[in-house]
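The values are calculated or read from the model by the stated rules, or taken from the named source; none is laboratory data. Predicted model, so just to flag it, every value in this text is computed and none were measured. FYI the Cβ positions are ideal-geometry reconstructions off the backbone, even for glycines, and counts take in every protein chain you see.
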Amino acid sequence: MEGFDILNLFFVLISAWGAGALIKRVGYPAILGELLIGILLGPPLLGLVHTSITLDILSEAGVILLMAYIGMEINFKDLGKASWAGLLAAVGGFVVPFALGYYVVTLSGGTSIAGLFVGIAVGVTSLATKSRILVDLNLLDTRIAYVLMAGALFSDTLALIIFAGLSSFIDAGSVNMSEIMLISGKIILFFLFATVFGIYILPKLIKWFEIKKIENRTFYFTLLLIIVFGLSELAELVGLHGILGAFMAGLFVKDDLFNKKISKGISHVFHDVSIGFMAPIFFVTAGFHVSLEVFQTDLNLLLLILGAAFIGKIFGTILFYLPSGYGWREGLAVGTGMNGRGAVEIVIAGIGLQKGVITQEIFSILVFMAILTTLSVPLLLTWSTNWLKKRGELVKQYSKKGYIILGANPLGLLLGEHLKTSNKIIFIDANKVISEQAERKGFQCIHGNVLEETTLEEASAKDFRTFIAVTENTEINLLASQLANDNFYVPEKYVVISPNENKEGAGVNLLGAASTLFASRTDIKPWIEKIQSSDYKEEESKITKETTTRLWVKAQLQKNKHVLPLVISDIIGNKRPFGYNDTLEANEIVVYIE
């Protein structure tokens, strides 16, 4: 029996890994692939893998760790970036589908408790889905992005608060007023204790360990596991579900709790253990409980709940967004972005099934609803934001500004001269003489090794929007870009790639979300020499018809023009680096040298 459990675990892990990797390649979150592979390989279709005691225990632990990680990822300061009007839209995106989901179930003959569970599941949204799609669509610097992220944080938190009360009342059975008061008192005491522990006791405890010179990452990771599972058990004791305790524990684990090195290590380990190992077991086994018979026996209910999910989320957001004054079209874009469901919805649905509150048919409907709404987000959000863009209504809202330029060589300095008009510029260079020359030209320049984290810290990299690597060493450019991305969350990266770099080499694989500077592989050494000897001409080319940077470069090559495009100046004079796969709008100007 033990061997059979281990074999099941092996198949679940390898199928989750494969399906998650495959679905991510086409732009969707791994959870979608994990659910689908569970349906395919599990009892609903092929029946190759079945649930077991081992999988049940690991999936429960996986949910606990997943909710702790979600709590760790939530930063309530981000809610303020969306403005009050944006938060109203987030409320509308939860309340309206919640109400529609409740009435669809109760009017179809379901119980009020089942209706509330479905309402919560329909009302939540997916933060992970949003984050990936916003990056892929290059929308992170728009007002829509802040509203979407705030909406995801707010709706998930609101859903968990409602779920906390609902779960405790279900466990209590039939309740009278004294029981309601007792349950309410327990819940309040739990949240008070968790808050006091997280805000006051935990930081002092960590501080004491640091005074004792304890700098072992494994020690702190184990301590966090004890706290997560301890608060989960405490939540169970007061009548709440354990996921609430884990979520609360995660909320208090913030970047400033540990020193930077420990914090970074723990965050990575927690991500790998929860998202990479434990949580996929839960989502694959959740697929085991799906019934495909709903398409025959409960098709009407499936369509009604799908309608409540789509209509409620999109039109609820539009309705509450109207008082913001930003227009119903932006409200539509926000609504389409918030329409995807994810981890929290599946967790809540799974708990409802486990408690016997919802049937297997309703659970299956909620899983299909999560899959279909998630699939719709890239399509609908792309369409709605392109519509706004064409109308000139896609509003940018930068939280970070300025450029860090690696390489204070003549080419880097020329780029800096163009970009400094309305932006803060700071250079980094390992050559002390070159650094001093940049300082004499009026630029701030940090002398140091960019691959040492302290150098980027000295440059205050976390406050900058764009990192540009313009050295002759492709590997240094790529590694520095990755460091700026992973450790300082710089959203835009441009790197120089040498034409001599092996296209299949390990270095180029680090490019990731960075863009190739100049929109093509470029040997910058001759250009540096030209600029240094003033043997170059600076020209401008006005764009008459929308095109891409890559096509513009190809057009110059077809004319046998050997040019180096530096920056793009938009219609109001703002300049940005000339990078790969950027769009050149009509009347924009390309500044280049030849």
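Yes or no, residue by residue, for (1) surrounded by fewer than 19 Cβ atoms within 10 Å (Cβ to Cβ); (2) polar (S, T, N, Q); (3) not assigned by TED's automatic domain parsing to the domain that holds G242:
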site	(1), (2), (3)
L303	yes, no, no
G307	yes, no, no
K313	no, no, no
T317	no, yes, no
G325	yes, no, no
E330	no, no, no
G337	no, no, no
G340	no, no, no
Q354	yes, yes, no
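Evaluating V357 against the criteria (1) more than 28 Å from the chain's Cα centre (by Cα); (2) in a helix (DSSP H, G or I) leaves one unmet condition, (2). Once segment 544-581 is narrowed to residues that are over 35 Å from the mean Cα position of the chain (by Cα) and among the polar types (S, T, N, Q), the residue that is surrounded by the fewest Cβ atoms within 10 Å (Cβ to Cβ) is N560. State whether the residues of segment 414-423 include one that is touching a Ser or Thr at 6+ places or on another chain (Cβ under 8 Å), in the same structural domain as E539 (by TED's automatic domain parsing) and either at pLDDT 90 or above or over 18 Å from I531 (Cα atoms) (or both). Within segment 414-423, none of the residues are touching a Ser or Thr at 6+ places or on another chain (Cβ under 8 Å), in the same structural domain as E539 (by TED's automatic domain parsing) and either at pLDDT 90 or above or over 18 Å from I531 (Cα atoms) (or both).
Residues in segment 124-161 that are at pLDDT 70 or above and among the polar types (S, T, N, Q) were compared, and the one that is surrounded by the fewest Cβ atoms within 10 Å (Cβ to Cβ) is T142.
Looking at the structure I just gave you, is G109 surrounded by fewer than 19 Cβ atoms within 10 Å (Cβ to Cβ), at pLDDT 85 or above and either assigned by TED's automatic domain parsing to the domain that holds H271 or among the acidic types (D, E) (or both)?
Numbers: surrounded by fewer than 19 Cβ atoms within 10 Å (Cβ to Cβ): yes; at pLDDT 85 or above: yes; either assigned by TED's automatic domain parsing to the domain that holds H271 or among the acidic types (D, E) (or both): yes.
Against the criterion (surrounded by fewer than 19 Cβ atoms within 10 Å (Cβ to Cβ), at pLDDT 85 or above and either assigned by TED's automatic domain parsing to the domain that holds H271 or among the acidic types (D, E) (or both)), G109 qualifies.
Here G402 passes the criteria (1) small (G, A, S); (2) under 24 Å from the mean Cα position of the chain (by Cα); (3) farther than 23 Å from T583 by Cα except the one numbered (3). The number of residues in segment 399-439 that are of a type in the set (S, T, N, Q), crowded, with 16+ Cβ neighbours inside 10 Å and free of Cβ contacts under 8 Å to residues at least 24 places away in the same chain comes to 1.
Have a look at L292, L372, L322 and point out the one that is touching a Phe, Trp or Tyr at 6+ places or on another chain (Cβ under 8 Å) and not small (G, A, S).
Values: L292 fails: touching a Phe, Trp or Tyr at 6+ places or on another chain (Cβ under 8 Å); L372 fails: touching a Phe, Trp or Tyr at 6+ places or on another chain (Cβ under 8 Å).
So the residue among L292, L372, L322 that is touching a Phe, Trp or Tyr at 6+ places or on another chain (Cβ under 8 Å) and not small (G, A, S) is L322.
Looking across segment 302-355, the residues that are β-branched (V, I, T) and at pLDDT 85 or above come down to I305, I311, I314, T317, I318, V334, T336. Just to be sure, is I346 surrounded by 23 or more Cβ atoms within 10 Å (Cβ to Cβ), within 30 Å of T471 (Cα to Cα) and within 24 Å of the chain's Cα centre (by Cα)? No. When D429 is tested against the conditions (1) among the acidic types (D, E); (2) closer than 29 Å to D570 by Cα; (3) over 26 Å from the mean Cα position of the chain (by Cα), the lone failure is (2). Please verify whether segment 223-238 includes one or more residues that are in contact with a Lys or Arg (Cβ under 9 Å, 6 or more places away or on another chain), in the same structural domain as G71 (by TED's automatic domain parsing), in a loop (DSSP other than H, G, I, E, B) and crowded, with 17+ Cβ neighbours inside 10 Å. Checked segment 223-238: at least one residue is in contact with a Lys or Arg (Cβ under 9 Å, 6 or more places away or on another chain), in the same structural domain as G71 (by TED's automatic domain parsing), in a loop (DSSP other than H, G, I, E, B) and crowded, with 17+ Cβ neighbours inside 10 Å.
Residues in segment 254-274 include none that are crowded, with 21+ Cβ neighbours inside 10 Å, modelled with pLDDT of 80 or more, more than 20 Å from the chain's Cα centre (by Cα) and not hydrophobic (A, V, I, L, M, F, W, C). Look at segment 361-373: where a residue is in contact (Cβ under 8 Å) with a residue 40 or more places away in the chain and a partner is of a type in the set (K, R), sitting 6+ places away or on another chain with Cβ atoms under 9 Å, you get L366/R341; M369/R341; A370/R341; I371/R341; T373/K313; T373/R341.
Residue-by-condition table, conditions (1) of a type in the set (A, V, I, L, M); (2) in contact with a Cys (Cβ under 9 Å, 6 or more places away or on another chain); (3) touching a residue at least 60 places away in the same chain (Cβ under 8 Å):
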position	(1), (2), (3)
Y220	no, no, no
G230	no, no, no
L237	yes, no, no
L251	yes, no, yes
F258	no, no, no
S263	no, no, no
H289	no, no, yes
T297	no, no, yes
L301	yes, no, yes
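Quick one: how many residues across segment 464-480 are acidic (D, E) and more than 14 Å from K525 (Cβ to Cβ)? Can you show your working first?
Of all residues in segment 464-480, those acidic (D, E) come to 472, 475.
From what's left, more than 14 Å from K525 (Cβ to Cβ): 475.
Count: 1.
Assessment of segment 23-38 against the conditions (in the same structural domain as L332 (by TED's automatic domain parsing), hydrophobic (A, V, I, L, M, F, W, C), at pLDDT 90 or above and in a helix (DSSP H, G or I)) yields at least one matching residue. Scanning segment 275-301 for residues that are surrounded by 24 or more Cβ atoms within 10 Å (Cβ to Cβ) and outside any helix (DSSP H, G or I) gives a single hit, V290. Among residues of segment 378-398 that are assigned to a helix (DSSP H, G or I) and at pLDDT below 85, those with a Cβ under 6 angstrom from a residue that is loosely packed, with under 15 Cβ neighbours inside 10 Å and small (G, A, S), sequence gap 6+ or separate chain, pair up as P378/G27.
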